[in-house]
1. Within region 326-359, take every residue that is over 21 Å from Ile31 (Cα atoms) and of a type in the set (S, T, N, Q) and give me the one that is modelled with the lowest pLDDT.
2. Give region 404-424 a look and list any residue that's β-branched (Val, Ile, Thr) and under 19 Å from Ala497 (Cα atoms), or say none.
3. Restricting the search to region 220-231, which residues are within 18 Å of the chain's Cα centre (by Cα) and either surrounded by fewer than 24 Cβ atoms within 10 Å (Cβ to Cβ) or of a type in the set (Asp, Glu) (or both)?
4. Do the conditions hold for Glu406, that is, is it more than 23 Å from Val453 (Cα to Cα) and touching a residue at least 24 places away in the same chain (Cβ under 8 Å)?
5. Of the conditions (1) over 20 Å from Leu73 (Cα atoms); (2) free of Cβ contacts under 8 Å to residues at least 40 places away in the same chain, Ile166 fails just one. Which one is it?
6. In the list Val172, Val176, which residue meets the criterion of being of a type in the set (A, V, I, L, M), modelled with pLDDT of 95 or more and under 24 Å from the mean Cα position of the chain (by Cα)?
7. Take Gly217 and decide whether it is farther than 20 Å from Leu35 by Cα, in contact with a helix residue (DSSP H, G or I) (Cβ under 6 Å, 6 or more places away or on another chain), crowded, with 23+ Cβ neighbours inside 10 Å and of a type outside the set (D, E, K, R).
8. Of all residues in region 373-417, which are out of contact with any Ser or Thr (no Cβ under 9 Å at 6 or more places or on another chain) and either surrounded by 20 or more Cβ atoms within 10 Å (Cβ to Cβ) or modelled with pLDDT under 75 (or both)?
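The values are calculated or read from the model by the stated rules, or taken from the named source; none is laboratory data. The structure displayed is predicted, hence computed values, not measured ones. Heads up, the Cβs are rebuilt from the backbone with ideal geometry, glycines too, and the neighbour counts pull from every protein chain shown.
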Amino acid sequence: MTDKLIIFDTTLRDGEQSPGASMTKDEKLRIARQLERLKVDVIEAGFAASSNGDFEAVKAIADHIKDSTVCSLSRANDRDISRAAEALKGAARSRIHTFIATSPLHMEKKLRMTPEQVYEQARLAVRFARNLNDDIEFSPEDGYRSEPDFLCRVLETVIKEGVRTINIPDTVGYAVPELFGEFIRDLRQRVPNSDKAVWSVHCHNDLGMAVANSLAGVKIGGARQIECTINGLGERAGNCSLEEVVMAVKTRRDYFGLTLGIDTSQIVPASRMVSQTTGFVVQPNKAVVGANAFAHASGIHQDGVLKARDTYEIMRAEDVGWAANKIVLGKLSGRNAFKQRLQELGIEMESEADTNAAFARFKDLADRKSEIFDEDIIALVGDESVTHEQEHYRLLMLEQRSGTGERPHARVAFAMGNDEFHVESDGNGPVDASLKAIELKVRSGAELVLYSVNAITSGSTESQGEVTVRLQHGGRVVNGVGSDPDIVVASAKAYLAALNKLHSKNDRVAAQG
């Protein structure tokens, strides 16, 4: 058994199943490139058969990513598998990940199939997939709650059919570490040809133990691949967190005895990019990537760290990508300095026109804010990741007034398609008035289910505010993100960004967990 731990990132597939976290093709490609810089071994780019949009996203990632294996999920049927293979044609290295539920509950209630039917479908699906791709991964959905005898029979057969990776999902986050590790170990011992495949674990965080369960699957069970997401993103309580398992294995190599191919200095940039793109804010006390992860408030701790860093720090902040770098550019700063900082931050612009547009936004921000931090640059690039030509709604102007004893009032000008509208409204506050003014014309009928404000940089009242707005309409949930030094303007941008996603009507189909 190799001593390398394979990191399989499913942020773009399972992470995207978080309500409101669906991404455009361009957003997915941008994150995939960051995952490649992170040196993730396998990138699960999406579920190609779920929609034309997801197919195009998987295809774009397969065509552009060269250093990581690009994977597409598929149900255990010929149509899904063929669609995945077609999307992956341009990849330097590709993998088809096929799955079918094997727990009694799922087979009876969801699939309405007998165990024998499931067994036969798994066998035939893998045989079909193996004719289209050499690298096949198989997952028995709800594997942890499956009957061991039946599960072993299925796994032995799919390995005979050519599966290279066996992934055991704890689909509903039911496992506890010791028992899950023993479960993986017992499967490997009972399946006669288990040595012919790499064993993998995919754990959900419903009980807060996804990372612990995954590590137990590795240490006790002998798994050598962990499926995880940036920031632990995922439906319900999320998935196993990439940054946590990676740093646990690296920091405690004395215990795990495993090597990793990950460039850990790219962890924080990846975290920021995923958070900004999806609108899912990272909690301040989140391990490794939270704003307070390396902060020391206690006087005793501060004294210890100043005397010897390792008294209270088991990792170095710079090893995971935290840095105190700031770029102080103003009206007289040149385009080359800006482009250089973009490169240092790992931000790739699609064209010179995009770079020029980003630089123009940067200069506009520099007029209003004396110091520009890395976080500001990431936000202003991400804030305009969709070009104006692709946007249906676009903010043009916002004015608002509010004061003690005076009802807040807002005037908003925005574009809707090729038309320009000027609207105004009162509200309970300036943000409420601004959004109500927009809604007077748009009449989306969407329900506002989340409004969140986050300071992009800390320590100054000049900080840009980043606003996340989550809207729900017709069974769809979308996030919109906007940033600006003026929090009311950021709110209007976020609201319009969410309306753009509702207008795009991109379908997303939930799949294996």
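1. Ser333
2. Val412, Val423
3. If the condition is that a residue be within 18 Å of the chain's Cα centre (by Cα) and either surrounded by fewer than 24 Cβ atoms within 10 Å (Cβ to Cβ) or of a type in the set (Asp, Glu) (or both), then Glu227 is the only one that fits.
4. For Glu406, the condition - more than 23 Å from Val453 (Cα to Cα) and touching a residue at least 24 places away in the same chain (Cβ under 8 Å) - is not met.
5. Unmet for Ile166, out of (1) over 20 Å from Leu73 (Cα atoms); (2) free of Cβ contacts under 8 Å to residues at least 40 places away in the same chain: (1).
6. Unique residue meeting the criteria: Val172.
7. Criteria met by Gly217.
8. Ile377, Ile378, Val381, Glu384, Thr387, His388, Glu389, Tyr393, Leu395, Phe414
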